[in-house]
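The values are calculated or read from the model by the stated rules, or taken from the named source; none is laboratory data. Being a predicted model, the structure only gives us computed values, none of them experimental. All Cβ positions, even for glycine, are placed from backbone atoms using ideal geometry, and neighbour counts span all protein chains on display. Quick note on the areas: whole protein, heavy atoms, side chains included, nothing else; ligands and nucleic acids left out. Shrake-Rupley method; radii C 1.70, N 1.55, O 1.52, S 1.80 Å.
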Amino acid sequence: MMEERYGKLALANIMTSIWFGDWDRYEEIMKEVPESVKAELSFHSFYKRDEVQLWHDNHFFIPGDHFVSPYFSSYTKNGEDEDARRHDLLCLIGLYEKTGFLYPLEKDRFPDHFGSLTAFLSSVIKEEIKAEQEGDSEYLKQLEELEADVLRQYIQPVIQPMLEKAEEKVKHSFFKEFIGFYAELMSEDWVDAA
């Protein structure tokens, strides 16, 4: 169980660094990843820093022909309206404040950025590891529920619309593979892995 949590933490950190375009952090993490695991990360074989850095900006930062929004509030869930998305965003901000999660502000990103959401999952998993090590099963259960809620409320409902946008706009193989990997990993299996 603990090994799976450490694996999820490593994956969450890798995905966060990619969403934010933090290539120094990505390379630092990947140095520690065993070759057998790197082979499972289909996107990594396409990693060439200069290209990836340029295409990251084209795909996730600079609006244009290849832009795919990295913000969950850019996508509608089941035809909801602007007010419902605004409410979701306010709830997310409240959740971050309640847990003391300030990472998006530190990185100068909005709270609903997929990098922020994935970084939040990473912080929750760190707390799960600590709770498990301390034998605090009640807190561990609360954290697992929080992790599942974030996935179900903020990530999973917008994965399909994001994939559809990415299908038509993402050109670089690293990001094509990454987005597919992220979508698959953030499915129901993510919660079940813990």
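Considering only residues of the stretch 61-76 that are of a type in the set (Phe, Trp, Tyr) and out of contact with any helix residue (DSSP H, G or I) (no Cβ under 7 Å at 6 or more places or on another chain), which is nearest to Gln153 (Cα to Cα)? Walk me through it before giving the result.
Of all residues in the stretch 61-76, those of a type in the set (Phe, Trp, Tyr) come to 61, 67, 71-72, 75.
Next, from what is left, pick out any that are out of contact with any helix residue (DSSP H, G or I) (no Cβ under 7 Å at 6 or more places or on another chain): 61, 71.
On the way: Phe61: 24, Tyr71: 14 Å.
Only one residue tops the list, namely Tyr71.
Looking at this structure, is Ser42 surrounded by fewer than 18 Cβ atoms within 10 Å (Cβ to Cβ), at pLDDT 85 or above and among the polar types (S, T, N, Q)?
On the way: surrounded by fewer than 18 Cβ atoms within 10 Å (Cβ to Cβ): yes; at pLDDT 85 or above: yes; among the polar types (S, T, N, Q): yes.
Here the answer is yes, as Ser42 does meet what is asked.
Restrict the check to the stretch 162-174 and report whether at least one residue is free of Cβ contacts under 8 Å to residues at least 40 places away in the same chain, surrounded by 15 or more Cβ atoms within 10 Å (Cβ to Cβ) and within 16 Å of the chain's Cα centre (by Cα).
yes
Here are the criteria: (1) free of Cβ contacts under 8 Å to residues at least 40 places away in the same chain; (2) hydrophobic (A, V, I, L, M, F, W, C); (3) open to solvent by 80 Å² or more (accessible area, probe 1.4 Å). Tell me which single one Met1 does not satisfy.
(1)
Filter the stretch 123-142 for residues that are open to solvent by less than 70 Å² (accessible area, probe 1.4 Å) and farther than 27 Å from Ala84 by Cβ and give the result. Before you say what the answer is, go through the steps one by one.
So in the stretch 123-142, the residues open to solvent by less than 70 Å² (accessible area, probe 1.4 Å) come out as 123-125, 127-129, 131-132, 135-136, 140.
Answer for the stretch 123-142, where residues must be open to solvent by less than 70 Å² (accessible area, probe 1.4 Å) and farther than 27 Å from Ala84 by Cβ: Ile125, Glu127, Glu128, Ile129, Ala131, Glu132, Gly135, Asp136, Leu140.
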